[in-house]
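The values are calculated or read from the model by the stated rules, or taken from the named source; none is laboratory data. Computed from a predicted structure; not experimentally measured. Cβ atoms come from the backbone with ideal geometry, glycine included; neighbour counts cover every protein chain shown.
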Amino acid sequence: MFRNYKAIGRILYGRNSFDQLDDLLGELRVEKNSYVLFLLDVYFEGKEFMKRVPLHAQDILKIIEVKDEPKTKIVDAIVAEVKSLNKGLPVSVVGIGGGSVMDYAKAIRLMFTNEGSSALYQGIDLIRNKGVHCTVIPTISGTGAEVSMTTVLTGPEKKLGIKGNFTPADQLVIDPALIASVPEPHRFYTAMDCYIHNIEALNGHRKTVMGDSLGTESLRLCREIFLSEDSHTPENDEKLMIASYLGGLSLTYSEVGACHAISYGLATVTGIHHGVGNCIVFNQLEEFYPEAVKEFRAMMKNNNIDLPKGFNANRSSEEIEKMIDVSLTLIFMWAHVCGPDWQKIITREKLRGLLLKM
Ligand SMILES: [Fe+2]
């Protein structure tokens, strides 16, 4: 059976297109009491940009802390809080920020219409009811969360996405001007998530012509940006936004691989951010992606990035074993990397050896 994929709904694209957001949401505000739930990255708290968010009197604005990866308990708490106001359902949940904020928006909109904790739905196709309308607006690029059919959440037991046809957002706004102020090295680490998505999508048993075509173009843009003299120009910002979009789409038709399988374990135990966690892991994966790891190091050098060293140097053996446990649950990723007999290749010992090098 082939999956009948649901991609993103509508896309508004262009420099300063963010200023059309009020018009977009106006189309949804049909009832007198209609309201929008805005989720805004804490990065913008107190900044001029907040004045540009088209907040109406009846709307709700939540500032989203992004120190940790998105958590099921925060999704549940926000949904419970908004429901307790007895305002009915929002006409759109709008996530303005990085991958975490967009993933919160995608998860929260689902939990308005599905009973119980979001932790019950971590997995594939477990969501039963369509969520409310969702708008995502990236302000940092690389995760592909703006287009993916997954919202990655850390629950009480696992870090795993809510994945399925109900997850992609209904509206995406791609405004390259919004990522101009992202500080380094945060911008680089998040962008490398995109680079790694492409490398993983292009190398594995589940690759397809569709995934390859999208991933190849995204990879070309990543190379142009990060091997250029100045990666942080308006032109490169625009390329990065499109690379992230194409890279996220390429995963719909392929799969992530060894880096993500290990970095999920790393993040579950340490809470490290996805972008930098991926970079720490990818730097040790010559065995899986020899040419790409070389290229990745050249990109780091070109952009004066000093990757954290000795990240696992003082971890207890329990922590390392827990990382391995989580990594080994990601069977579809390992099957993509090594084929159906992956368990013969990806042993606990191999993973332990890699983790201790990080
Ligand atoms: Fe990723």
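Miscellaneous remarks
- Filtering the stretch 62-116 to residues that are small (Gly, Ala, Ser) and out of contact with any Ser or Thr (no Cβ under 9 Å at 6 or more places or on another chain) leaves Ala77, Ala80, Ser84, Gly116.
The rows are residues; the columns are (1) over 26 Å from Pro70 (Cα atoms); (2) crowded, with 20+ Cβ neighbours inside 10 Å.
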site: Glu235; (1), (2): yes, no
site: Leu251; (1), (2): no, yes
site: Ser254; (1), (2): no, yes
site: His274; (1), (2): no, yes
site: Val293; (1), (2): yes, no
site: Val326; (1), (2): no, yes
site: Ile331; (1), (2): no, no
site: His336; (1), (2): no, yes
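- Considering residues of the stretch 266-279 that are more than 14 Å from the ligand (Cβ to nearest atom) and in a helix (DSSP H, G or I) only, the residue nearest to the chain's Cα centre (by Cα): Thr268
- Of all the criteria given as (1) β-branched (Val, Ile, Thr); (2) at pLDDT 95 or above; (3) away from the ligand (no atom under 13 Å from the Cβ); (4) farther than 25 Å from Asn16 by Cα, the one not satisfied by Val173 is (4).
- Evaluation of Leu37 against (1) outside the structural domain of Ile78 (by TED's automatic domain parsing); (2) under 15 Å from Ala169 (Cβ atoms) (one fails), failing number: (1)
- Among the conditions (1) in contact with a Gly (Cβ under 6 Å, 6 or more places away or on another chain); (2) within 16 Å of the ligand (Cβ to nearest atom), the only one that Ala105 does not satisfy is (2).
- Test for Glu48: is it over 27 Å from Tyr264 (Cα atoms), over 19 Å from the mean Cα position of the chain (by Cα) and exposed (fewer than 13 other Cβ atoms within 10 Å of the Cβ): yes
- Against the list (1) away from the ligand (no atom under 13 Å from the Cβ); (2) buried (at least 24 other Cβ atoms within 10 Å of the Cβ), the condition Tyr195 fails is (1).
- Taken over the stretch 322-342, the criterion of being of a type in the set (S, T, N, Q) and either more than 27 Å from the chain's Cα centre (by Cα) or within 11 Å of Gly257 (Cβ to Cβ) (or both) is satisfied by no residue.
- Only one of the listed residues (Val147, Val75, Val152) is more than 16 Å from the ligand (Cβ to nearest atom), within 17 Å of the chain's Cα centre (by Cα) and either buried (at least 24 other Cβ atoms within 10 Å of the Cβ) or in contact (Cβ under 8 Å) with a residue 60 or more places away in the chain (or both). That residue is Val75.
- Residue check for Asn236: away from the ligand (no atom under 14 Å from the Cβ), under 22 Å from Asn302 (Cα atoms) and at pLDDT 95 or above: yes
- Count of the stretch 2-45 residues, restricted to those that are on the phi > 0 side of the Ramachandran plot and either more than 23 Å from the chain's Cα centre (by Cα) or exposed (fewer than 12 other Cβ atoms within 10 Å of the Cβ) (or both), is 1.
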